[in-house]
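A.B. asks: Before anything else, here's the structure in question.
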Amino acid sequence: ITESKDDVTWEEISPLSVNRYGHIAFKIQGCVVAAGGCKGFGKHQSSEIFDLKTGLWNHHGHSLPHGISNASVIVDTQDRFAIITGGETDDYRTSNKIFVYTETNGFVEYKKKKLISSRKGHISLIIR
């Protein structure tokens with residue numbers, strides 16, 4: 001953003017096909033993925049993908065292993081994978097799990113490590 005703030009434009013796009021809040025969203029490989037989040041008193045496992053070239057949302061073939069909301073997500077600097085951490089599970093417990101997303105494998109739990117403490121509503125940063 002420039003100091004005058006005139007170099008940013010907003011464009012309205014079609015909405016997600018499933019109402020959700022508290023979801024994760026990330027840009028990876030020319031697409032935006034929205035996954036998880038809340039639906040009333042439950043959690044979504046599903047994901048949708050927005051193709052930046054076509055401008056269309058599609059149901060994504062990959063779902064989270066379980067419903068989750070208020071997690072954090074970060075994409076690696078080479079746009080190969082996303083890491084999803086923490087969040088709140090279907091049974092309203094705060095999670096210490098880590099998931100890795102790739103376009104090929106979808107959302108897979110990373111079982112070699114967990115967060116030191118369970119957390120939700122947190123952020124993730126890449127520090128170089």
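The values are calculated or read from the model by the stated rules, or taken from the named source; none is laboratory data. Just so it is clear, the structure is predicted and the values come from calculations on it, not from any experiment. Don't worry about glycine lacking a Cβ; one is built from the backbone with ideal geometry, like all the others, and counts go over all protein chains shown. Heads up: the accessible areas ignore ligands, DNA and RNA and are worked out on the full protein's heavy atoms, side chains in. Shrake-Rupley method; radii C 1.70, N 1.55, O 1.52, S 1.80 Å.
A.B. asks: Largest first, what is the accessible-area ranking of E103, E109, E88, E3 with a 1.4 Å probe? The partial results should precede the final answer.
C.D. replies: Working: E103 110, E109 45, E88 25, E3 180 Å².
Correct descending sequence by accessible area is E3, E103, E109, E88.
A.B. asks: Just going by the charge dipole of the chain, with Lys and Arg at +1 and Asp and Glu at -1 on Cβ, which of Y92, S47, A82 is farthest out on the positive end?
C.D. replies: Y92
A.B. asks: Quote the accessible area belonging to L125 in square angstrom, nearest 10, computed with a 1.4 Å probe and with ligands, DNA and RNA left uncounted.
C.D. replies: We get 120 Å² for L125.
A.B. asks: While we're looking at this one, here's another question. How much accessible surface area, in Å² rounded to 10, belongs to the heavy atoms of V75 with a 1.4 Å probe?
C.D. replies: Answer for V75: close to 30 Å² accessible.
A.B. asks: Hey, another quick one. Around S14, under 13 Å between beta carbons, what's the net of Lys plus Arg minus Asp minus Glu among the other residues?
C.D. replies: -4
A.B. asks: If you rank L56, L64, L115 by how much accessible surface each has, with a 1.4 Å probe, what is the order from largest down?
C.D. replies: Result, largest first: L56, L115, L64.
A.B. asks: At 1.4 Å probe radius, can you tell me the per residue accessible area of the chain in Å²? Provide the component values of the computation, followed by the final result.
C.D. replies: Numbers: 8430 Å² over 128 residues.
Per residue, the chain has an accessible area of 66 Å².
A.B. asks: In addition: On the full set of protein chains, 1.4 Å probe, figure out the accessible area of T2 and give it in Å² to the nearest 10.
C.D. replies: Answer for T2: close to 60 Å² accessible.
A.B. asks: Tell me which residues come under 5 Å, amide H to amide H, from E103 once H is placed; ignore anything under 5 positions away on its chain.
C.D. replies: Those qualifying (amide H under 5 Å, at least 5 residues apart or on another chain) number zero.
A.B. asks: Hey, any idea what % of the chain's accessible area is carbon plus sulfur with a 1.4 Å probe?
C.D. replies: Values: 4500 of 8430 Å².
Reported share for carbon and sulfur atoms: 53 percent.
A.B. asks: Beyond a 20 Å Cα-Cα separation, which of these cross-linked pairs lie in this structure: K97/K120; K43/K120; K5/K53; K39/K111; K27/K53?
C.D. replies: Table pairs above 20 Å Cα-Cα are K5/K53; K39/K111.
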